[in-house]
């Protein structure tokens, strides 16, 4: 009996340690990225493709105001309301004093400089798939953007989701290092996949989620309830939209559907970002979208 | 009346009642949706030229721009009765925020009007001038749909 108790206790300790190990914050260190330097000019394209302005600029910012990353926008979810923080170049209220390694750790592992887990309302789950060179360029570009001294606002998230540590367990279940669409793709569609999955995170909105809030990869881009509660974010797999490659690429540029309705909701700000890309990159995203498996 | 007749008659009344609830047609909602369809049709004439899908034609472009300007001048007060938001009735994508404190809907409708005026001033002056003036109109459509129209169901 004593032996059995001891066995159970040890088992519990091992499981606990394994759990802690699995959910531990993983930092990218300076040695991991030795020799990596960013090019601010190249970083601008990454910035627009990755859509940082959509969440981190003020609500309804237009034009040059989209470059002021003062934060504040609210993101309602089943788990509570998250608020995007100030990520401007301000050293006190933004991230102006961060090292590149800290920036990469946040964007790819979802871990703060203090070792806390971020909530996946911040799509590090997608940026994790990005090339580090692209993110180094992005960081260099962001340092050229205006500083804002607007303080970040707290999230409004209830227990148990208020425990950031719990996100570690979520990450162990949901973080992945592979693209969602693994089929053989043309070179153009592969470029589109990189832009759409690693940077523009189209799946975060267009893919339904499981009970834990993880993306349901078996229904990739198959449409999802709008987090605001009413309406549905559309299924954008090829059969469901039924648009040509040219029509998709044009929509991503000017926001007009083939019958000249105009994109609204959160898609509008995605299109403002996409309009900053090259025509070739928009065509690549369209080619990717037409290569995604059909969902009913 | 035979039993079959009664059954058929009551089935018919039932079906009619069902159809009535399913449609819940509201004349103000119909009118505004129709107005937006007119806008989309005319934007489409210009948008297809701007995208290079059709050849630019000055007279056609001017006619479409004039139509947009005319729609922008329709007094909107009868199109938006209180209680015709998508939380209150079926068949509309209009969000309650339109009627809430701080709503920018009237202001954005004004931006659409200013854009349409700018467009009508130059639509006949060549493809590049028309394309440049189409931008602000599209931006007004987009910024209103961004905050005040729900995604489709």
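Quickly run through segment A:85-95 and pick out the residues that are surrounded by 15 or more Cβ atoms within 10 Å (Cβ to Cβ) and without any contact (Cβ under 8 Å) to a residue 60 or more places away in the chain.
Residues satisfying the conditions are A:87, A:89, A:90, A:93, A:94, A:95.
What do you reckon, is residue B:127 under 24 Å from residue B:63 (Cβ atoms) and within 12 Å of chain A (Cβ to nearest Cβ)?
no
Out of A:207, A:125, which single residue is assigned by TED's automatic domain parsing to the domain that holds residue A:102 and either under 20 Å from residue A:269 (Cα atoms) or surrounded by 15 or more Cβ atoms within 10 Å (Cβ to Cβ) (or both)?
Exactly one of A:207, A:125 is assigned by TED's automatic domain parsing to the domain that holds residue A:102 and either under 20 Å from residue A:269 (Cα atoms) or surrounded by 15 or more Cβ atoms within 10 Å (Cβ to Cβ) (or both), namely A:125.
Only one of (1) more than 13 Å from chain A (Cβ to nearest Cβ); (2) in contact with a strand residue (DSSP E or B) (Cβ under 6 Å, 6 or more places away or on another chain) fails for residue B:93. Which number is that?
Going through the list (1) more than 13 Å from chain A (Cβ to nearest Cβ); (2) in contact with a strand residue (DSSP E or B) (Cβ under 6 Å, 6 or more places away or on another chain), residue B:93 breaks only (1).
Going by the structure shown, is residue A:75 in contact with a strand residue (DSSP E or B) (Cβ under 6 Å, 6 or more places away or on another chain) and either part of a loop (DSSP other than H, G, I, E, B) or under 19 Å from residue A:202 (Cα atoms) (or both)?
Judged against the criteria, residue A:75 is a match.
Could you please give the count of residues in segment A:249-263 that are within 23 Å of the chain's Cα centre (by Cα) and assigned to a loop (DSSP other than H, G, I, E, B)?
Qualifying residue count for the region: 2.
Got a sec? Which helices (runs of 4 or more DSSP H) wholly within segment A:131-248 have at least 2 residues that are out of contact with any strand residue (DSSP E or B) (no Cβ under 8 Å at 6 or more places or on another chain)?
A:132-142, A:165-174, A:187-193, A:238-241
Filter segment A:49-64 for residues that are touching a helix residue (DSSP H, G or I) at 6+ places or on another chain (Cβ under 7 Å) and surrounded by 23 or more Cβ atoms within 10 Å (Cβ to Cβ); which is farthest from residue A:267 (Cα to Cα)?
A:57
Among the residues of segment A:278-296, what is the count of those that are buried (at least 21 other Cβ atoms within 10 Å of the Cβ) and part of a loop (DSSP other than H, G, I, E, B)?
Residues flagged as buried (at least 21 other Cβ atoms within 10 Å of the Cβ) and part of a loop (DSSP other than H, G, I, E, B) within segment A:278-296 amount to 1.
Can you list residue pairs whose Cβ atoms sit under 6 Å apart, with the first residue in segment A:170-189 being touching a residue at least 60 places away in the same chain (Cβ under 8 Å) and the second being part of a loop (DSSP other than H, G, I, E, B)? Count only pairs 6 or more apart in sequence or on different chains.
A:172/A:23; A:181/A:292; A:185/A:291; A:189/A:291
So if I check each of A:152, A:148, which one is buried (at least 20 other Cβ atoms within 10 Å of the Cβ) and in contact (Cβ under 8 Å) with a residue 24 or more places away in the chain?
Just a single option satisfies the conditions, and that option is A:148.
Does segment B:104-124 contain at least one residue that is outside any helix (DSSP H, G or I) and more than 14 Å from chain A (Cβ to nearest Cβ)?
Taking every residue of segment B:104-124 in turn, at least one turns out to be outside any helix (DSSP H, G or I) and more than 14 Å from chain A (Cβ to nearest Cβ).
When residue B:77 is evaluated against the numbered criteria (1) under 30 Å from residue A:224 (Cβ atoms); (2) under 17 Å from the mean Cα position of the chain (by Cα); (3) surrounded by fewer than 17 Cβ atoms within 10 Å (Cβ to Cβ); (4) more than 12 Å from every other protein chain (Cβ to nearest Cβ), which criterion, by number, is the only one it fails?
Unmet condition: (1).
Out of segment A:256-268, which residues are facing chain B (nearest Cβ under 7 Å) and more than 15 Å from residue A:234 (Cα to Cα)?
Passing the criteria: A:256, A:259, A:260.
Across segment A:230-255, what is the number of residues that are more than 10 Å from chain B (Cβ to nearest Cβ) and either surrounded by fewer than 16 Cβ atoms within 10 Å (Cβ to Cβ) or touching a residue at least 40 places away in the same chain (Cβ under 8 Å) (or both)?
So the count comes out to 11.
The values are calculated or read from the model by the stated rules, or taken from the named source; none is laboratory data. Given the structure is predicted, the values throughout are model-derived calculations rather than measurements. Note that we place each Cβ from the backbone using ideal geometry, even for glycine, and neighbour counts take in every protein chain shown.
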